[in-house]
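Trainee: Take a look at the following structure, please.
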Ligand SMILES: Nc1ncnc2c1ncn2[C@@H]1O[C@H](COP(=O)(O)OP(=O)(O)OP(=O)(O)O)[C@@H](O)[C@H]1O
Ligand SMILES: [Mg+2]
């Protein structure tokens, strides 16, 4: 694939993106000149040492944060020029975010959690319910829809969070250490779910510390001190198995 | 509109989730609205009853009574309105269709009445034959007082219905004799029932001819009477008042600069002064309640601010899911307004209950009545308090940065 063709089809395009925090007279370069293209249906792992800027980058991709310098073009639109309202709309429609600490609404049951993003689309309750139920079934929680987050296991909570991220059919699924709080067996289950989603055509970007999870992905980007130190493409293990 | 409805839904869920705290939060509103509704319901009930009572007095009725300023009363100099004063008014002033003296017991004590073994006390007073016309109150059975009764000082009387009950008179008491103080008096008629006012019967009275009453009072010279009269032509009422005033001042030997030692009141003034009292009470209560609503509002603002801090992370999550600033603002604002409205609703119910309870516990008290405007006002005020005191916490919530909010521990 030629460089230009890839850039043209990129859904995410970073050009010299920097994110600086000013702490008194000290400047922290959380991101320091990142250039990056990510195309549709890619399965990307972002790795790097703690404090290397992974979360900062995810937050910018997810439009929760904006670059201090450089440009971030999402699906052909420059995020730097978007209004507050437009950003909220992009977060609602284009992005599905999964967090390490689940971030479920504590007083809402699984179904209400999953329905919440659809509220901001002006969707009627019956429609919201139908979509949310389907999303929960998709992650294997069809029988837990009326459970509150504190009545669910860690793995189940993360499934609810994934269902919530997916229910609006976002262009990009972002996951910042989605398995960081889970044991190895549950991690395995979540990764199988991600693999399936990717097979169905979902674009996935994931931050991880674990090498074998990174090895799951088609592309691994390594950050060091806010810069891209390595950008490596590989064939997904399972995809390889399927080809044989 | 859609977001408004969604916000109402989520606000109600949140209020329910914090049931007890929500009640405590809106306690200020509950108490404020409760007191306004309770007081308004009682005052309105009273006012409706009193106005009905005053309707008996035609608008062209004048009442003249003596008036002793407090300073003079301390010196023991009491003003009087005498029989001669009345006669003067009757003879000298034109434009009066009916005029009657009213002579109450000078000591203010009630008269002792007795029939067979029954004894009781009652308001005993003497009136002229015109009294019925002036007060548009007539005998239900029997006959009215006649001029003859007055001139001959007959020992006859008209009684209110309550007297029949108190003395256990026969159902048809006309022609019966009973004792009034030390005289035997024949019943010639029973007056129309007037009902109760402030729990007091308006039908416990014995009415006798003015002449008879004067004779029974003994020393006739110093008697202080009241005069009630009907003005023929409403248009000339002010003129009649002015002329009576001039006449009485002259007759009482008042010099220019001396204050009147009498009062001339129209029935309208009576109603007005009563309604003025009612309005003052209502205004005072509304003022107090206004203060308590502000206090309640501050309570709500305080809790909402705490709630925003408490739910910072939740706000971050909602923003990550695509909530706009407006969505968050609306959600918290509606939550404050709903808290106030729920408080207002509880307050209205409790206030009505208190008013109804007061009305039943106090004997003869008019039934509580809550006018629609009081309910609307309470609701409007509650909502207003919610908006005013909810806007700061809501704005604070909506301005949160999503990343900071998500990172909040
Ligand atoms: N709000 C902030 N204010 C100041 N500095 C910040 C802020 N957020 C992040 N940083 C700094 O930016 C750098 C990158 O942080 P980031 O959270 O992106 O790291 P990370 O790669 O996700 O680390 P980890 O693996 O521990 O999650 C860090 O040095 C951090 O201290
Ligand atoms: Mg991180």
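Trainee: Of the numbered conditions (1) more than 14 Å from chain B (Cβ to nearest Cβ); (2) at pLDDT below 95; (3) buried (at least 16 other Cβ atoms within 10 Å of the Cβ); (4) under 18 Å from residue A:102 (Cα atoms), residue A:166 satisfies every one except a single condition; which is it?
Mentor: Among (1) more than 14 Å from chain B (Cβ to nearest Cβ); (2) at pLDDT below 95; (3) buried (at least 16 other Cβ atoms within 10 Å of the Cβ); (4) under 18 Å from residue A:102 (Cα atoms), residue A:166 violates only (1).
Yes/no matrix, rows are residues, columns are (1) more than 10 Å from chain B (Cβ to nearest Cβ); (2) at pLDDT below 95; (3) not in a helix (DSSP H, G or I):
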position: A:100; (1), (2), (3): yes, yes, yes
position: A:105; (1), (2), (3): no, yes, yes
position: A:121; (1), (2), (3): no, yes, yes
position: A:126; (1), (2), (3): yes, yes, no
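Trainee: Within the group A:44, A:98, A:90, which residue is more than 16 Å from ligand 1 (Cβ to nearest atom) and either within 17 Å of the chain's Cα centre (by Cα) or under 24 Å from residue A:177 (Cα atoms) (or both)?
Mentor: The conditions single out A:90.
Trainee: Please find, within the stretch A:87-98, the residue that is nearest to the other protein chains (Cβ to nearest Cβ) out of those that are farther than 16 Å from residue A:11 by Cβ and assigned to a helix (DSSP H, G or I). Write out each step before concluding.
Mentor: Just the residues of the stretch A:87-98 that are farther than 16 Å from residue A:11 by Cβ, to begin with: A:87-89, A:92, A:98.
With assigned to a helix (DSSP H, G or I) added as a condition, the list becomes A:87-89, A:92.
Values: A:87: 9, A:88: 4, A:89: 7, A:92: 2 Å.
So the residue we want is A:92.
Trainee: May I ask you to verify whether residue A:95 is buried (at least 22 other Cβ atoms within 10 Å of the Cβ) and in contact with a helix residue (DSSP H, G or I) (Cβ under 6 Å, 6 or more places away or on another chain)?
Mentor: So residue A:95 fails the test.
Trainee: Moving on to the next point. Would you point out the residue of the stretch A:7-31, among those that are within 16 Å of ligand 2 (Cβ to nearest atom) and buried (at least 16 other Cβ atoms within 10 Å of the Cβ), that is farthest from residue A:173 (Cα to Cα)? Let's see the steps before the verdict.
Mentor: Our first condition is that a residue be within 16 Å of ligand 2 (Cβ to nearest atom); within the stretch A:7-31, this holds for A:19, A:21, A:28-31.
Then drop every residue that is not buried (at least 16 other Cβ atoms within 10 Å of the Cβ), which leaves A:19, A:29-31.
Working: A:19: 22, A:29: 26, A:30: 22, A:31: 21 Å.
Out of the qualifying residues, it is A:29.
Trainee: Also, I was wondering about something else. Only one residue in B:336, B:320, B:394 is within 14 Å of chain A (Cβ to nearest Cβ) and over 30 Å from the mean Cα position of the chain (by Cα), so which one is that?
Mentor: B:320
Trainee: Also, quick follow-up: Taking the stretch A:48-69 as the search range and keeping residues that are more than 11 Å from every other protein chain (Cβ to nearest Cβ) and more than 10 Å from ligand 1 (Cβ to nearest atom), which one is nearest to residue A:173 (Cα to Cα)?
Mentor: If we take residues in the stretch A:48-69 being more than 11 Å from every other protein chain (Cβ to nearest Cβ) and more than 10 Å from ligand 1 (Cβ to nearest atom), then A:61 is nearest to residue A:173 (Cα to Cα).
Trainee: Let me ask something else. Among the residues of the stretch B:229-262, how many are closer than 13 Å to residue B:85 by Cβ and under 28 Å from the mean Cα position of the chain (by Cα)?
Mentor: Residues in the stretch B:229-262 being closer than 13 Å to residue B:85 by Cβ and under 28 Å from the mean Cα position of the chain (by Cα): 2 in total.
Trainee: Specify which of the listed residues (B:212, B:161) is surrounded by 15 or more Cβ atoms within 10 Å (Cβ to Cβ) and within 33 Å of the chain's Cα centre (by Cα).
Mentor: Numbers: B:212 fails: within 33 Å of the chain's Cα centre (by Cα).
Of the residues listed, the single one that is surrounded by 15 or more Cβ atoms within 10 Å (Cβ to Cβ) and within 33 Å of the chain's Cα centre (by Cα) is B:161.
Trainee: Tell me the helices (runs of 4 or more DSSP H) entirely within the stretch B:1-120 that contain at least 2 residues that are touching a helix residue (DSSP H, G or I) at 6+ places or on another chain (Cβ under 8 Å).
Mentor: Correct list: B:2-17, B:19-25, B:27-54, B:83-92.
Trainee: When you check residue B:303 against the structure, is it out of contact with any strand residue (DSSP E or B) (no Cβ under 6 Å at 6 or more places or on another chain) and within 14 Å of another protein chain (Cβ to nearest Cβ), yes or no?
Mentor: no
The values are calculated or read from the model by the stated rules, or taken from the named source; none is laboratory data. Everything quoted here is computed from the prediction, not taken from an experiment. Quick reminder, even Gly has a Cβ in these numbers, built from the backbone with ideal geometry, and neighbours come from all protein chains shown.
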